[in-house]
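K.L.:
Right, I'll just put the structure down here and ask away after.
The values are calculated or read from the model by the stated rules, or taken from the named source; none is laboratory data. Remember, predicted model here, so these are calculated numbers, not experimental data. Ideal geometry is used to build each Cβ from the backbone, glycine not excepted, and the neighbour counts take in all protein chains shown. Please note that ligands, DNA and RNA were not included when accessible areas were found on the heavy atoms of the full protein model with its side chains. Shrake-Rupley method; radii C 1.70, N 1.55, O 1.52, S 1.80 Å.
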Amino acid sequence: MAEEQAVTAAGNEISDTFLAEKKRSDEVLGKLHANPGAYTMLTGDRPTGRLHLGHYFGSIKERVAMQNLGVNTNIIIADYQVITDRDTTEHIGDNVMGLVMDYLAAGIDPNKTMIYTHSAVPAENQLMLPFLSLVSEAELERNPTVKSEMEASGHALTGLLLTYPVHQACDILFCKANVVPIGKDNLPHVQITRTIARRFNKRYAKKHPVFPEPAAILSDAPEIPGLDGRKMSKSYGNSIMLGATAEETAKLIKKSPTDSERRITFDPVNRPQVSALLTTAGLCTGRKPEDIAEEIGEAGAGALKQYVTKVVNDFLAPHRERRAQLEKDPDYVRDVLHDGNKRANEIANQTLDEVREAMGMKY
Ligand code: TRP
């Protein structure tokens with residue numbers, strides 16, 4: 001019962017559970033490195049735009065590493081999630097294709113990693129019905145991420161936004177994923193997923209549990225700020241897109257704000273803008289931001305921007321080269337997605353069969 005309460009904790013208790021989740025994440029990662037074949041990873045993105053450097057260092061890089069370790073890796077493009085808090089699906093097809101191209105260009109190998117969209121997998125979506133029977137309205141209402149997404153959207157709370165964490169549980173559990181790399185904001189969704197898995201097994205599948213209780217994997221990568229020192233976000237226009245051209249990137253960096261102090265120092269609290277540039281350069285070169293600051297010193301913001309532009313563009317050049325090749329071959333990109341969707345359907349049909357069997361709904 002105590003665990004039950006922790007899992008369904010209200011928003012202000014999430015930070016208390018964060019440390020416990022982080023500990024669990026580190027323990028599971030240790031075991032995963034020792035025996036990658038025993039793990040199934042599922043994570044993904046909503047197709048609302050292009051991927052930027054923050055996505056790359058915060059999650060894509062880690063996915064490629066897990067794939068190459070030999071973990072069974074799966075990526076969902078969460079297209080239904082787009083309509084949780086907005087009322088149009090404009091550009092959704094382009095955004096989906098853009099995501100697939102960025103994944104492949106970043107090193108995702110479609111022979112090793114399944115890429116799929118949840119709208120293409122009916123049996124996955126059908127898990128929603130039994131899963132909804134396992135959560136209370138109160139549990140749905142107190143999900144802090146749902147609350148803040150509703151507030152940010154300026155829309156009324158839709159039924160889909162209220163229940164999408166359960167839908168996310170369908171994404172995760174249909175392929176029986178036991179590791180889910182996510183950012184902090186998605187932690188409540190992994191927690192409700194574990195609750196659903198446990199309750200399903202307990203209520204309907206006592207003899208042969210159907211679902212694992214997955215662990216959230218919380219990255220150690222520092223959050224990469226946008227060029228203006230604020231959170232990297234498409235709406236702030238402060239993000240370096242993976243697929244942008246070298247010229248677009250140069251322009252963006254050139255017009256990013258700095259401060260009036262000439263000497264460059266790394267001081268994220270007092271000089272967020274200069275420090276964001278240094279952090280970006282540090283990630284792209286593997287150097288310490290402090291060392292870069294020291295090297296540039298009195299040469300000032302102009303020299304810093306020149307350096308950042310060079311290292312970002314050098315770092316992204318191979319990605320952009322591969323992406324440009326893929327752009328010329330949309331049929332291939334579509335095939336990759338169709339293959340992923342086909343495989344996802346096979347897996348989902350199998351899981352739904354087990355669910356019907358467990359629930360005595362095989363006639
Ligand atoms: N909710 C995630 C986001 O907004 C995307 C997502 C959908 C996801 N289904 C998932 C992430 C399953 C991890 C696992 O970024």
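Every residue, every condition in (1) modelled with pLDDT of 95 or more; (2) more than 13 Å from the ligand (Cβ to nearest atom); (3) part of a helix (DSSP H, G or I), yes or no:
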site	(1), (2), (3)
R63	yes, no, yes
N68	yes, yes, yes
T73	yes, no, no
Q81	yes, no, yes
D87	no, yes, no
G93	yes, yes, yes
G98	yes, yes, yes
M101	yes, yes, yes
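K.L.:
Restricting to the range 44-61, name every residue that is within 13 Å of the ligand (Cβ to nearest atom) and open to solvent by 10 Å² or more (accessible area, probe 1.4 Å).
P.N.:
G44, D45, R46, T48, G49, G54, H55, G58, S59
K.L.:
Only one of T258, T265, T279 is of a type in the set (S, T, Y) and part of a helix (DSSP H, G or I); which?
P.N.:
Selected residue: T279, the only one of T258, T265, T279 that is of a type in the set (S, T, Y) and part of a helix (DSSP H, G or I).
K.L.:
State yes or no: is E290 in contact (Cβ under 8 Å) with a residue 12 or more places away in the chain, surrounded by fewer than 19 Cβ atoms within 10 Å (Cβ to Cβ) and more than 17 Å from H55 (Cα to Cα)?
P.N.:
yes
K.L.:
Another question, if that's okay. Could you please let me know if A123 is buried (at least 22 other Cβ atoms within 10 Å of the Cβ), away from the ligand (no atom under 14 Å from the Cβ) and part of a helix (DSSP H, G or I)?
P.N.:
no
Results for (1) within 25 Å of the chain's Cα centre (by Cα); (2) at pLDDT below 95, shown as yes or no for each residue.
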position	(1), (2)
P209	no, no
G229	yes, yes
Y236	yes, yes
I240	yes, no
A244	yes, no
K251	no, no
P257	no, yes
T280	yes, no
T285	yes, no
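K.L.:
Cβ contacts < 6 Å: first residue in contact (Cβ under 8 Å) with a residue 12 or more places away in the chain and open to solvent by less than 40 Å² (accessible area, probe 1.4 Å), restricted to the range 197-219; second residue in a loop (DSSP other than H, G, I, E, B) and among the basic types (K, R), any location; separation 6+ or different chain. Result?
P.N.:
P212/K176
K.L.:
Between A2, A10, which is open to solvent by 70 Å² or more (accessible area, probe 1.4 Å), at pLDDT below 95 and more than 14 Å from the chain's Cα centre (by Cα)?
P.N.:
Every option except A2 fails the conditions.
K.L.:
Looking at (1) open to solvent by 40 Å² or more (accessible area, probe 1.4 Å); (2) of a type outside the set (K, R); (3) at pLDDT 95 or above; (4) under 25 Å from Q67 (Cα atoms), which is the one condition that is false for E223?
P.N.:
In the conditions (1) open to solvent by 40 Å² or more (accessible area, probe 1.4 Å); (2) of a type outside the set (K, R); (3) at pLDDT 95 or above; (4) under 25 Å from Q67 (Cα atoms), E223 misses (3) alone.
K.L.:
Still on this structure, please answer the following. For the range 141-236, list the helices (runs of 4 or more DSSP H) that sit wholly inside it and hold at least 3 residues that are aromatic (F, W, Y), more than 13 Å from the ligand (Cβ to nearest atom) and closer than 30 Å to D267 by Cβ; which are they?
P.N.:
By residue number, no helices (runs of 4 or more DSSP H) qualify.
K.L.:
On to the next question. Restricting to the range 321-342, and then to whatever is open to solvent by less than 90 Å² (accessible area, probe 1.4 Å) and either more than 21 Å from the chain's Cα centre (by Cα) or assigned by the TED database to the domain that holds T40 (or both), can you tell me which residue is nearest to Y103 (Cα to Cα)?
P.N.:
Taking the candidates together, the pick is L326.
K.L.:
Another question, if that's okay. Looking at (1) more than 23 Å from V121 (Cα to Cα); (2) of a type in the set (G, A, S); (3) open to solvent by less than 10 Å² (accessible area, probe 1.4 Å), which is the only condition A177 fails?
P.N.:
A177 satisfies all of (1) more than 23 Å from V121 (Cα to Cα); (2) of a type in the set (G, A, S); (3) open to solvent by less than 10 Å² (accessible area, probe 1.4 Å) except (1).
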